[in-house]
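We did not get these values from a lab; they are worked out from the coordinates using the rules stated. Everything quoted here is computed from the prediction, not taken from an experiment. When we count neighbours, we look across all protein chains shown, and the Cβ atoms used for this are built from the backbone with ideal geometry, even at glycine.
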Amino acid sequence: MTAQSRSVVVGIVPGQSDDVVLQAALFAGRFEAELVCAFVETSRYVVEELADGSVRSLPFDPDLPELRDEVFDPELAAHLESLLAARNVRWTTRALAGDPARALGHLAEAVDAAMIVVGTRRTSPRRGIREFFGGSVAAQLAHRQHRPVVVIPQAPVSIEQPLPWEPA
């Protein structure tokens, strides 16, 4: 893999901890790689996956706009710009659709990513452990990828505190 083809894919979710992007940028910098920031729109489904990892999609709701190339949210892009402006890292954005684990995996394959970086899932203590791990993008990626999946804690708890899925 040449320096120009190296990349680190990071899953972006509005409201997630900035640490997820900043740690992914740190990895990208250390690998002299491009940081590919990907947001997955789950209210749409993929009808065509393009060679660069981008997609064409349709909404699940038939009253929404028809087939289109995905457009990255300008507010989210502006936030990324403010986070990454002082970092010495090349970065791009990708707007994806459908199942987040599948979309991130496809993108990572398309850009031959060195790794995929995601944040931990924020959950309520009322949810069971099966739902916590079953719905985890990180857990799904870890079982379906041949590349490393790095999980960045969004709200770490001390050793004395219960884990998110444990009763308080």
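With 10 angstrom as the radius, rank ILE159, ILE12, ILE116 by how many other C-beta atoms surround their C-beta, starting from the fewest.
So the ranking, lowest neighbour count to highest, is ILE159, ILE12, ILE116.
Which value in nm describes the separation of the simple spin-label points at ASP19 and GLU109, placed 7 Å from the Cα toward the beta carbon?
3.2 nm
Taking 0.36 nm per intervening residue step and subtracting the Cα-Cα distance, what contour gain separates LEU26 from ASP61 on full extension?
Separation in residues times 0.36 nm, less the Cα-Cα distance, equals 8.8 nm.
Quick one: if you stick a label point 7 Å off each Cα along the C-beta vector at ARG144 and HIS79, how many nm between them?
Label at ARG144, label at HIS79, 2.4 nm between them.
Could you give the length gained by full extension between ARG90 and TYR45, i.e. 0.36 nm per residue of separation minus their alpha carbon distance, to one decimal place?
My answer for the length gained is 13.3 nm.
With 10 angstrom as the radius, rank SER43, SER57 by how many other C-beta atoms surround their C-beta, starting from the fewest.
So the residues, fewest neighbours to most, are SER43, SER57.
Rank these for me by crowding, LEU163, LEU80, going from fewest to most other beta carbons within 10 Å.
LEU163, LEU80
With Cβ to Cβ distances under 10 Å as the rule, what net charge do the other residues near ILE12 carry (K, R +1; D, E -1)?
Residues close to ILE12 contribute a combined charge of 0.
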